[in-house]
């Protein structure tokens, strides 16, 4: 695979970067203030709405959606460097209608939705007229193993009845959120644990749904997006709201989460790049003990290490995106797991060093503190690090143990080839 970008992608990178310079960065302070301190912070940010209109007019809209004529016609590999640029600001993805969870939900509708579902929900999502949420995680079970999910989806005539609790339903508190994709158990007795779950569409707000609270993230309520704790009490929706069919929930989840993880990771890389740039400028500007801070202590080592880590993470992410484009998400699951662990940890480390470089200002700088919070939170989102590492470890064990050592030069094969027999040595 090539690590260079095509002329088409280079042109889009330039356009997205120029748009950010003209519209996002100059308005960041105002957007931070409106979303953190305004009395109306749970309403759509007026400044951002204006920026979105400009992006739509400029044709920088719905840049994701590989293999669909509804997006920009970009592959995962082509979209990845654009997501990196958007990751430099927490407000940028929404400006281009490329923010989670809407991107993943739109991909669900494109891949698995009926014509009627697409008309009712996908069309306004693509237009940026509404927003959406994905209700999967639950407070009473270890949701990193999604087979634990307890929310029930029971058919009753021409309706499904939903009961249960969800939390970390990102985007649900936003007044623009009009549709929830809910994962629950429709066949809890199925001997196949991965066929017990289904996904179903629930409008929002809707009779029987109570938003208990918007969960804080390290003390921040993340308005106007938010992360809801929801209670479903005898919520009745028509049978046509079922996605793909009963027992297909895991299948949909795998199709949804692969691209979403790549998007998150490339945004993390963009965040790390910006943190490194800010670190270098700060260290060069500040003087202590008679010389620039950059000339002292371990700072050049940290700058170098940041560059190494960021470039390694980017290459791994682009490799995963390339495999998704060429052999499919299922065959790229190891690489997707790797990058989901690597990218947030790299970004979190670089951001932490940048905060240290800013001294006391690092705790007050809004962008840095926001970046630190979200890179830490991303180590939970779309599966915690531990789950991805465990999955990757099992795949590696299976790969090695199912491979003939005589074909790979295993230690046992070498010993036999050399005519050495030693029962105490590993085979």
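Suppose R0 equals 51 Å. What FRET efficiency, 1/(1 + (r/R0)^6) with r the Cβ-Cβ distance, do residue 68 and residue 363 give to the nearest 0.05?
According to the calculation, E is roughly 0.75.
Just round it to a whole percent: the fraction of Cα-Cα distances in segment 131-243 exceeding 18 Å.
46
From the mean inverse distance of alpha carbon pairs (Kirkwood) and the Cα radius of gyration, derive Rg over Rh for the chain.
Working: Rg = 23.6 Å, Rh = 23.3 Å.
Here the Rg-to-Rh quotient is 1.01.
Sort 333, 54, 291, 120 so the one with the fewest other Cβ atoms within 10 Å of its own Cβ comes first.
If I rank by nearby Cβ atoms, fewest first, I get 291, 54, 120, 333.
Is segment 89-186 rounded, prolate or oblate when judged by the Cα gyration tensor, a ≥ b ≥ c being the square roots of its eigenvalues, rounded requiring a/c under 1.5 and prolate requiring a/b larger than b/c? Each step should come with its number before you reach the end.
Working: a/c = 2.22, a/b = 1.34, b/c = 1.66.
Taking the square roots of the gyration eigenvalues as a ≥ b ≥ c, segment 89-186 is oblate.
With an 8 Å cut-off on Cα pairs and a minimum separation of 6 or more residues, tell me the relative contact order of segment 256-396 in percent.
Working: 148 pairs, mean separation 43.9, N = 141.
Once normalised by length, the contact order is 31 percent.
Write down Rg/Rh for segment 7-126, rounded to two decimals, with Rg from the C-alpha atoms and Rh from the Kirkwood relation over Cα pairs.
With Rh from the inverse mean 1/r over Cα pairs, Rg/Rh is 0.99.
Using a Förster distance of 51 angstrom, determine the FRET efficiency expected from the C-beta separation of residue 326 and residue 156, and round it to 0.05.
Details: r = 45 Å, r/R0 = 0.88.
Computed FRET efficiency for residue 326 and residue 156 comes out at 0.70.
Percent relative contact order of the chain, based on C-alpha pairs within less than 8 angstrom and at least six residues apart?
Reported relative contact order: 14 percent.
Post the alpha-carbon centroid distance, segment 160-229 to segment 97-116, in whole angstrom.
16
Over segment 131-243, what is the mean sequence separation of C-alpha contacts under 8 Å (at least six apart), divided by residue count, expressed as relative contact order in percent?
Relative contact order for segment 131-243 comes out at 32 percent.
Kirkwood Rh, Cα Rg: Rg to Rh for segment 256-396?
1.06
Gaussian network model of the chain, Cα springs within a sub-10 Å range: biggest mean-square fluctuation belongs to which of 362, 128, 50?
50
Note the full-extension length gain between residue 148 and residue 407 as 0.36 nm times their separation in residues minus their Cα-Cα distance, in nm to one decimal. Please list the in-between numbers first.
On the way: separation 259, 0.36 × 259 = 93.24 nm, distance 4.04 nm.
Full-extension gain reported as 89.2 nm.
Mind giving me the nanometre distance, one decimal, between the label points for residue 236 and residue 389, set 7 Å out from Cα along Cα→Cβ?
For residue 236 paired with residue 389, the spin-label model returns 4.9 nm.
What FRET efficiency, computed as 1/(1 + (r/R0)^6) with R0 = 22 Å and r the Cβ-Cβ distance, is obtained for residue 301 and residue 277, rounded to the nearest 0.05?
FRET efficiency, residue 301 to residue 277: 0.80.
Identify which of 394, 15, 307 has the largest mean-square fluctuation in a Gaussian network model of the chain, with springs joining Cα atoms closer than 10 Å.
In this elastic network of the chain, the residue with the biggest mean-square fluctuation among 394, 15, 307 is 394.
Coordinate-derived values only; no laboratory data. Note that the coordinates shown come from a computational prediction; the quantities given were computed from them, not determined experimentally. Note that each Cβ is placed from the backbone with ideal geometry, even for glycine, and that neighbours are counted across all protein chains shown.
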